[in-house]
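What follows is one structure encoded as structure tokens, with my remarks underneath.
Values quoted throughout were computed directly from the atomic coordinates according to the rules given, and no laboratory measurement underlies them. Worth saying up front: this structure is predicted, and the values here are computed from it rather than measured. Here the Cβ positions follow ideal geometry from the backbone for every residue, glycine too, while neighbour counts run over all protein chains shown.
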DNA sequence: CACGGGATCGTCT
DNA sequence: GACGATCCCGTGT
């Protein structure tokens with residue numbers, strides 16, 4: 001056993017974003033803002049893959065101010081505002097020049113649950129603390145300001161680490177992604193992954 | 001539990 | 001000017 005460390009750049013730079021989305025399950029998403037660590041075990045993810053995926057913001061390798069960060073080498077954060085309110089957190093994957101990303105949709109709360117409850121203005125620990133991409137980001141203190149942050153740097157303030165919490169014999173479940181009905185045939189691709197039976201997975 | 005609507009703003013047409 | 005990779009609250013059953 002060794003102390004947990006940040007997942008390395010080559011984990012993220014795998015070109016197979018669907019495999020990365022699966023492999024992220026069971027790892028811990030950690031933030032350390034203002035000296036305060038908060039974290040959770042990743043239980044639900046979705047893969048988005050340019051250029052062929054119509055649900056991906058970089059569909060057709062479209063480069064805009066917003067999507068430019070998705071073309072970075074894997075390991076940086078891609079965070080955007082959804083419905084004017086929610087800060088949705090993704091990890092860019094693949095080699096530089098490809099625009100793939102994994103949306104982290106839900107975590108099982110781990111470190112510093114009191115601070116996460118405070119950020120969410122909640123009194124008691126319930127799945128709704130972190131089950132869903134918008135509320136998860138709020139609990140971890142993640143905002144769009146952090147888009148482009150290199151999570152593989154040794155002094156990064158957002159990172160993902162392996163604590164030997166990988167999914168066990170119950171395996172991994174998959175199905176269509178949430179909220180992408182506009183994406184034509186791509187809407188049916190089973191690119192959402194979750195740990196079956198976990199109460200911390202979003203309801204969709 | 002199923003639904004329906006409002007919140008709220010950056011991004012792209 | 002329209003529309004979200006969402007969430008929460010209200011209503012009705």
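Within the P(r) computed for the range A:105-204, what percentage of the Cα pairs occupies the region above 21 Å? Show your work: numbers first, answer last.
Working: 2355 of 4950 pairs.
Distances greater than 21 Å cover 48 percent of the Cα pairs.
Relative to one another, the C-alpha centroids of the range A:154-197 and the range A:1-30 are positioned 12 Å apart. For the peptides A:93-99, A:32-38, the ranking by mean Cβ contacts within 10 Å, running from highest to lowest, is A:93-99, A:32-38.
Label point of residue A:15 set 7 angstrom out along Cα-Cβ; within the range A:82-98, amide nitrogens under 16 Å from it belong to A:93-98. For the range A:114-166, the average shadow cast by the Cα convex hull is 4.9 nm², which is a quarter of the hull's surface.
What do you get for Rg/Rh of chain A when both radii come from the Cα atoms and Rh is the Kirkwood radius? Before the final figure, lay out the partial values.
On the way: Rg = 15.7 Å, Rh = 16.8 Å.
That ratio equals 0.94.
Could you work out the relative contact order of the range A:9-194, using alpha carbon pairs under 8 angstrom and six or more residues apart, expressed as a whole percent?
Values: 434 pairs, mean separation 50.7, N = 186.
Reported as a whole number, the value is 27 percent.
Computed extension length for residue A:111-residue A:81: 8.3 nm, one decimal, from 0.36 nm per residue of separation with the Cα-Cα distance subtracted. Put a dot 7 Å past the Cα of residue A:124, heading toward its Cβ, do the same for residue A:163, and the two dots end up 2.4 nm apart. Once the C-beta distance of residue A:178 and residue A:65 is scaled by a Förster radius of 45 Å, the resulting FRET efficiency is 0.95 to the nearest 0.05.
Across the range A:38-144, the fraction of Cα-Cα pairs farther apart than 18 Å, rounded to a whole number, is 49%.
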